[in-house]
Amino acid sequence: MLQKLIAGCPSIQELGLLHCFKLTEIIITSLKRLEVYKCPRFKSINVDAPCLDSFWYNWIRRQSCNFKFSERRSLKELVLEYSILTDKMFEREIVELPNL
């Protein structure tokens, strides 16, 4: 349902997801800013948005969520709060973020 809403509103530049207790994954293709706050069932966040310049993530529980960034060169702001992120995962993602 959320994917259809986002696809049907191509002018949306910013999306904030707060306390979304039923969502388990999201695929983003056309945003400039994405904020995910306390969505405890998220298993994966797939971002294929060349214009994304800000990603903010806050996790309610200490469990992992897979991040996949297909295009991340425009990302200028990255905030990860209370996330389970291994050194290996962090290195893999940060290497591809030249604007941070």
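Working note: Karplus 6.51/-1.76/1.60 with θ = phi - 60° gives region 5-22 the couplings 4, 5, 5, x, 10, x, 7, 5, 10, 10, 9, x, 10, 10, 6, 8, 6, 9 Hz, where Gly and Pro are set to x.
Distances between placed amide hydrogens fall under 5 Å for Phe69 paired with Val47, all partners being 5 or more residues away or on another chain. Applying a DSSP loop filter and a limit of 16 other Cβ atoms within 10 Å to the trypsin sites (Lys or Arg not before Pro) in region 1-70 leaves Lys22, Lys32, Lys38, Arg41, Lys43, Arg61, Arg62. Note that region 33-50 has calculated 3J(HN,Hα) couplings of 9, 10, 10, 10, 10, 6, 10, x, 9, 4, 9, 8, 10, 10, 10, 10, 10, x Hz, one per residue in order, obtained from phi through the Karplus relation 6.51 cos²θ - 1.76 cosθ + 1.60 (θ = phi - 60°); glycine and proline are x. Ranking of Glu91, Glu77, Glu35 by solvent-accessible surface, largest first: Glu91, Glu77, Glu35 (1.4 Å probe, protein heavy atoms only, all chains present).
The values are calculated or read from the model by the stated rules, or taken from the named source; none is laboratory data. Quantities reported herein were computed from a predicted structural model and do not represent experimental measurements. Counting neighbours? That spans all protein chains shown, and the Cβs are built from the backbone with ideal geometry, glycine included. Please note that ligands, DNA and RNA were not included when accessible areas were found on the heavy atoms of the full protein model with its side chains. Shrake-Rupley method; radii C 1.70, N 1.55, O 1.52, S 1.80 Å.
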